[in-house]
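Scroll down for the structure; my scribbles are underneath it.
The numbers here are math on the coordinates, done by the rules we state, and not lab data. Keep in mind the model is a prediction, meaning the values are calculated, not measured. FYI the Cβ positions are ideal-geometry reconstructions off the backbone, even for glycines, and counts take in every protein chain you see.
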Amino acid sequence: MTTSLLEGLPLIVETSPEWAPLACSRLDEVLRDHAWCEYKAASAGLGLMARFPESEFLHRPMVALVQEEMLHFRQVTDLLKERGVSLGAPLPDPYVKKLRGLLCAKGSGIGGLGDHLIVNAFIEARSCERFRVLSKALAEGTEEERTLSDFYQRLADAEGRHWESFRDLAMEVCPEEVVLRRIHEAAEIEAELISEMPIEARMH
């Protein structure tokens with residue numbers, strides 16, 4: 001295992017080695033998908049506040065997250081514009097849909113808000129790992145690719161902070177030991193899911 005790719009993350013399996021070459025060869029598609037992932041992450045933060053209005057402790061951290069995700073959305077759409085690539089329409093994200101279905105099933109997990117926070121924690125963690133993979137793959141390329149490598153490393157650092165924020169918020173809902181146990185369970189579920197997903201030129 002390359003510890004640098006999973007360091008500090010709750011994930012227990014790395015992305016397939018087949019993903020990076022595919023992503024690099026179809027970078028415009030990946031950038032389109034990435035832009036919409038940032039948009040959806042911002043939407044998810046807003047959605048949590050609307051879904052759980054009584055949990056006012058979410059407001060400041062979610063507003064901060066939404067602002068950062070929308071900054072990333074703008075940055076990626078700027079990259080697309082520089083490359084002469086249109087954004088296009090968002091595609092469904094089967095990974096996120098299936099992960100949410102698995103971890104937020106009624107009667108399991110740590111409850112509505114807690115489970116939604118854990119889901120978002122794992123989405124951010126997997127995004128962090130994918131950004132690290134992409135940054136590493138681009139680091140030995142052209143000057144343009146090396147610049148993109150640096151960009152993805154910065155975004156990986158941000159996603160790493162986001163997963164920790166969701167984890168810490170979950171610990172305000174449930175006792176720490178309960179959250180850590182659920183993270184361990186979720187890691188096993190996410191690992192099985194990611195191994196079953198097709199390898200595509202997209203972030204998840």
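To keep it simple, each residue is scored yes or no on (1) more than 18 Å from residue 10 (Cβ to Cβ); (2) surrounded by 14 or more Cβ atoms within 10 Å (Cβ to Cβ).
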position	(1), (2)
134	yes, yes
140	yes, no
143	yes, no
152	yes, yes
185	no, yes
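If I ask for residues that are more than 12 Å from residue 102 (Cα to Cα) and not basic (Lys, Arg), which ones from the range 174-190 would you list? Spell out how you get there, then give the answer.
If we filter the range 174-190 for residues that are more than 12 Å from residue 102 (Cα to Cα), which is where we start, we get 174-184.
Matches in the range 174-190: 174, 175, 176, 177, 178, 179, 180, 183, 184.
Just wondering, is there one or more residues in the range 158-176 that are within 19 Å of residue 23 (Cβ to Cβ), of a type in the set (Asp, Glu) and part of a helix (DSSP H, G or I)?
Yes, that holds for at least one residue.
Which of the residues that make up the range 114-128 are among the aliphatic types (A, V, I, L, M) and farther than 15 Å from residue 188 by Cα? Working first, answer last.
Step one: filter the range 114-128 for residues among the aliphatic types (A, V, I, L, M), giving 117-119, 121, 123, 125.
Answer for the range 114-128, where residues must be among the aliphatic types (A, V, I, L, M) and farther than 15 Å from residue 188 by Cα: just 117.
Could you check the range 114-141 and list, in sequence order, the residues that are in contact (Cβ under 8 Å) with a residue 60 or more places away in the chain and not in a helix (DSSP H, G or I)?
The answer is 141, and nothing else.
Pick from 49, 70: which is surrounded by fewer than 18 Cβ atoms within 10 Å (Cβ to Cβ) and out of contact with any Leu (no Cβ under 8 Å at 6 or more places or on another chain)? Spell out the reasoning first.
Details: 49 fails: out of contact with any Leu (no Cβ under 8 Å at 6 or more places or on another chain).
Checking each option against the conditions leaves just 70.
Restricting to the range 91-106, what's the tally of residues that are part of a helix (DSSP H, G or I) and either surrounded by 12 or more Cβ atoms within 10 Å (Cβ to Cβ) or polar (S, T, N, Q) (or both)? So that I can check it myself, show each step before the final result.
As a first pass, look at the range 91-106 and keep what is part of a helix (DSSP H, G or I): 94-103.
Narrowing further to those that are either surrounded by 12 or more Cβ atoms within 10 Å (Cβ to Cβ) or polar (S, T, N, Q) (or both): 94-96, 98-100, 102-103.
Here the count works out to 8.
Only one residue in 88, 84, 109 is surrounded by 15 or more Cβ atoms within 10 Å (Cβ to Cβ) and not in a helix (DSSP H, G or I), so which one is that? If you could, list the steps in order and put the result at the bottom.
Values: 88 fails: surrounded by 15 or more Cβ atoms within 10 Å (Cβ to Cβ); 84 fails: surrounded by 15 or more Cβ atoms within 10 Å (Cβ to Cβ).
Going through 88, 84, 109 in turn, just one is surrounded by 15 or more Cβ atoms within 10 Å (Cβ to Cβ) and not in a helix (DSSP H, G or I): 109.
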